[in-house]
Each structure stands twice: as structure tokens, then as C-alpha cells.
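Single-structure report; data block below.
Since every read-out is calculated from the coordinates, none of them should be taken as a lab result. Just so it is clear, the model here is predicted, and its values are computed rather than measured. Here the Cβ is made from the backbone with ideal geometry for all residues, glycine too, and neighbour counts use every protein chain on show.
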Amino acid sequence: MNTVATITVTGCLDSVESAPIRAALHEHLSEGTSKIIVDLSAVTFMDCAGLAALVIGMTRARLDGGDVRLVSPRHPDARRVLGLTKFDEVFSMADNVQLANNGW
């Protein structure tokens, strides 16, 4: 399937808010959409639960021949978490949804 899904996250991506993201990723992947963009541009805080949800989605998408690409958070604290964990090197990152969608 060539459909690209976009999931937009705002505010915190933490232990509370990771469940809806995990569910949205699971839903898209279960429906056969393995190319997913997660827009983190409006995320102000991220923790290990939020990162875990993204990694689980990415792993499953890659097993299905797709990927999870991220739109970089604008907030420096959220960007710093991705840099410190080196997740900015694991995920394909872009400045906006349109750029993240390039090449698909």
C-alpha cells in the first residue's frame, strides 16, 4: 500500500500520552499502512515511554517494508531528548510533514 499516514502529537509525549500514539501507530499498521509520519513539531516534552512508543512503531513498520519518519520538535527540550538518545540518527527526521513525505 502506498498510503502515507500522518499522526500529529502536541504537548507532552510521556507515559500518559504515549498510549494514544501507540494505539494510532498500531491501527495504521494493522490496516496495512506502513509508511507513517509522526509530526512532533508541537511537542514540548518527551520521556522514555514516548520514545518507546515511537521505536515500537518504527520497528513494526520496517518489518512491514515501511518506516516511521519524524517531524522534528520545535521545542529545544524535546529536540534535546532526541539528540541525547541518538534517536535523531535512528529515525529519518525532517523540519515539516511535506519534507518528511519526500521520497515516498
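Remarks
- Each of the trypsin sites (Lys or Arg not before Pro) that DSSP puts in a loop and that has at most 15 other Cβ atoms within 10 Å breaks the chain; the longest unbroken stretch is 1-73.
- Nearest-0.05 FRET efficiency for Ser30 and Ser92, computed from C-beta distance (R0 22 Å): 0.50
- Answer label for Rg and Dmax of the Cα atoms in Å (calculated), chosen among (i) 12.8, 38; (ii) 12.3, 35; (iii) 12.9, 40: (ii)
- Top of Ser15, Ser72, Ser34 by mean-square fluctuation, Gaussian network on the chain, Cα under 10 Å: Ser15
- The chain, relative contact order in percent, only Cα pairs under 8 angstrom and at least six apart counted: 30 percent
- Using a Gaussian network model of the chain in which every pair of alpha carbons under 10 angstrom is joined by a spring, one finds that among Leu63, Leu82, Leu51 the greatest mean-square fluctuation is at Leu63.
- Beta bridges by DSSP in the chain, antiparallel share as percent, to the nearest 5: 0 percent
- Top of Val43, Val55, Val90 by mean-square fluctuation, Gaussian network on the chain, Cα under 10 Å: Val90
- Magnitude of the charge dipole for the chain, about its Cα centre and with charges confined to Cβ atoms of Lys, Arg (+1) and Asp, Glu (-1), is about 160 debye.
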